[in-house]
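The values are calculated or read from the model by the stated rules, or taken from the named source; none is laboratory data. Computed from a prediction, not measured in an experiment: that's the story for all the values here. Cβ sites come from the backbone with ideal geometry, for glycine too, and all protein chains shown count toward neighbours. Side chains are part of the model used for accessible areas, which takes the heavy atoms of the whole protein and leaves out ligands, DNA and RNA. Shrake-Rupley method; radii C 1.70, N 1.55, O 1.52, S 1.80 Å.
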Amino acid sequence: MILNPDGTVCDWLAGYVPPAEKFVARLRDALAGRDTVEALQKRLQAEPGNPEVRIKLGRKYQDRHDRDRALPLFREAAALDPKRAIMTRTDDGGLVPCRDMAEFQEARTYIATYGTIESERMHEFVKSHPASPLLPAAYLLDVGSVDLTDARECAYFREILDRVPHDPAALAQLGQGLDRLGGKPVSSPILDAGAGYARKTKEWLEKSSPSAAAKILADFSIQKGDWEGAASSYGPDFMAGQALAWTKSLLDYAEFWRARKRNEADALAAVSSALAMRPDDAAIHQSAARIYLLDPPRTEDALTVYGPAWLGAADRPAEDLFNYFSFWMGRKANLDSALAAMDALLAKKPDDFFYLRSAIAALWQAGERDRVQALFGPAFAAAHPERLSWLFQYGLFWLQRGLNVDTAIPALVKAAADPAHPYMIKWQTAEMLDRAGRKAEVESVFGPAALESLAGDGAALSIYLSFWAGRDANSPSLARALEMLESVPNLEWSYRSQAAGVYLKRGRKDKAEAVYGPAYAATIGSHARKLVFYAEFWTAHRQNLLSAMEAVRAAVRLEPSEAEAWAALADLLQIDGKLEEARRAIDKAVGLAGGERERERYEQRRTDIAGTGPKKAG
């Protein structure tokens, strides 16, 4: 997370992919304001017709597993490039139409983010984009759900391997698919194909080995008289990297055979060779211990290479102490030595809250409740009255467990009330306090005083509305929150619909229509998805149905292949008593459904329409 000085979010980076320089470059771009969340949100307001901006912002939310914000952005981006005329760059620098990228990212969101996995959406992308440069990436995301006992899906997997014959990731997916079967029989053709492709990949990797490439680079440097460059390409650092890679290969080999209870002697010899190659590498010792502890466990061997003697043989850095403590505490073994490592760690890093918080979590998991109270009980809160981030974590930890509540709640309230804390912290705190029945503290943390700091932030005001509308529809600050939300420039449809929903609950249909009624519908006449959402909102509330009907008919004209538009039209026709037209519309939706789950939903609607008369308009 990258925050502005006032605590508001500037940007976030999710995931680390080597080399480190690449990550540092991403970080520098963010600090310079290039394609940050904040910058993209501003560009979105200034360039509402630019699909690439929506794709970039959608991917930011995708990284945070925020489907509700990512998916509309991808759909809007696709709608802005109906003829595939606007190009954007892929991660490896290629060019693809914005519509293709948006549709790919929408499908990816249903696989790569928290929530119900809908892999059929990526399957549909693969089928509908047979020549897209995004196809290899789509394949590798799609094959995670392939059933290798099904002949048709095996044929599909063969097609994947044909498309990406030298991509180890595709073969890794095949291996994982076999593991998932747990010994169930698989047709020999897919096994033969997998073995054949594995041999091809091995040959390809051997022909382009890092050693050969490094030698060529070194030769070029020498031809230019650059001996330092040659040593950099093919010198001691290169060999150290090769030695580390070989060590890890030995451990991978040992783990593979020990996990399968075969080839035991050779596996153990590989562990010994790895330790001999890197005798001072703590990570190698830990990996060796983990392999020794596989079933059947060789506990004495594990303790020999990564036990009390190893711990006491040198002044271990904090990271090694932390890893040692976590390793043994997680296995509830060698506890005295693990706790000694923890004590040494906290003595070495008394002001590092990460290590403290991690130690507390491991101790709690291991059932060491008394140690947790001693390290992180009420005395801890009393000793750090001004460290608000620590107090927040203290309050969060104990309130979640229903213990030390008398000190946890004041600590949490004090920390969350700090104006520098972003609204997400205040909201999270309010949710917890509400569940604990502490209404007065909820108001102090996320009530009227906090509301004014949310001005201009549609997302923050939306969360404030959601929180209070579900608890106290007559809260005075709710009316103020609605006013503030309506004043946000270029307010998104999702926030408008939320405000309209709150107004309807308060009996203010006039205000609901003012923020999300016919006048607004007239401004989105070229956006089919927004028109569908608008129609579905008013259909659900059984109000403003004439405007809803106009909107959904416009959506069908704009995007006649949009299944959800036809389904929304069917609902409105049913309400209007036009059952035959409703049946034709829902039949159209079923025929256009992109995946099995979507098709089942529309088929259920078709059954409902066939078995009932007109819906009441309310």
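Below are the figures for this structure:
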item: Sequence-distant aspartates and glutamates (8 or more away, or on other chains) whose Cα lies within less than 15 Å of residue 349; result: 315, 319, 320
item: Estimated inter-spin distance, residue 14 and residue 439, nm [label 7 Å along Cα→Cβ]; result: 3.7 nm
item: Linear extension gain, residue 587 paired with residue 42, 0.36 nm per residue minus alpha-carbon span; result: 192.0 nm
item: The chain, relative contact order in percent, only Cα pairs under 8 angstrom and at least six apart counted; result: 6 percent
item: Cα-based shape type of the chain, given that a ≥ b ≥ c are square roots of the gyration tensor eigenvalues and the cut on a/c is 1.5; result: oblate
item: Gained length - residue 365 relative to residue 261, 0.36 nm times residue gap less alpha-carbon distance; result: 34.5 nm
item: Modelled FRET efficiency - R0 41 Å, residue 158 with residue 494, Cβ distances, 0.05 increments; result: 0.45
item: Accessible surface of the stretch 483-598 [probe 1.4 Å, protein heavy atoms]: carbon and sulfur percent; result: 49 percent
item: Residue 542-residue 220 pseudo-label distance in nm [points 7 Å out on the Cα-to-Cβ vector]; result: 7.3 nm
item: Pairs from 83/127; 509/588; 56/511 whose Cα-Cα separation, in the structure shown, is over 27 Å; result: 509/588; 56/511
item: Within the accessible area of the stretch 256-295 (1.4 Å probe), percent carbon and sulfur; result: 54 percent
item: Low-density loop cleavage sites - trypsin sites (Lys or Arg not before Pro) in the stretch 5-108, where at most 16 other Cβ are within 10 Å (DSSP); result: 34, 64, 83, 84
item: Full-stretch length increase - residue 63, residue 479 - with 0.36 nm per residue and alpha-carbon distance subtracted; result: 146.4 nm
item: Spatial separation of Cα centroids for the stretch 259-302 and the stretch 439-504, in angstrom; result: 57 Å
item: Size of charge dipole - the stretch 1-80 - debye, nearest 20, with Cβ of Lys, Arg +1 and Asp, Glu -1, no other charges; result: 160 debye
item: Lys, Arg +1 and Asp, Glu -1 on Cβ, resulting dipole of the stretch 529-574 about Cα centre, debye, nearest 20; result: 120 debye
item: Sites residue 349 and residue 604 - FRET efficiency at Förster radius 60 Å, r taken between beta-carbons, to 0.05; result: 0.55
item: Estimated dipole of the stretch 440-597 in Debye, rounded to 20 [Cβ of Lys and Arg +1, of Asp and Glu -1, Cα centre]; result: 340 debye
item: Theoretical ellipticity at 222 nm over the chain - DSSP helices of four or more residues, -39500 (n - 2.57) apiece, nearest 500; result: -22000 deg cm²/dmol
item: Accessible area in square angstrom per residue, the chain, 1.4 angstrom probe; result: 51 Å²
item: Cβ-based charge dipole, the stretch 1-94, positive-most Cα from 50, 7, 25; result: 50
item: Most positive-pole-ward Cα, 151, 221, 233, against dipole of the chain from beta carbon charges; result: 151
item: Cut-off 15 Å between beta-carbons: net charge of the residues surrounding residue 551, Lys and Arg +1, Asp and Glu -1; result: -3
item: Spin-label pair residue 471/residue 85, simplified geometry with 7 Å Cα→Cβ offset, distance in nm; result: 5.1 nm
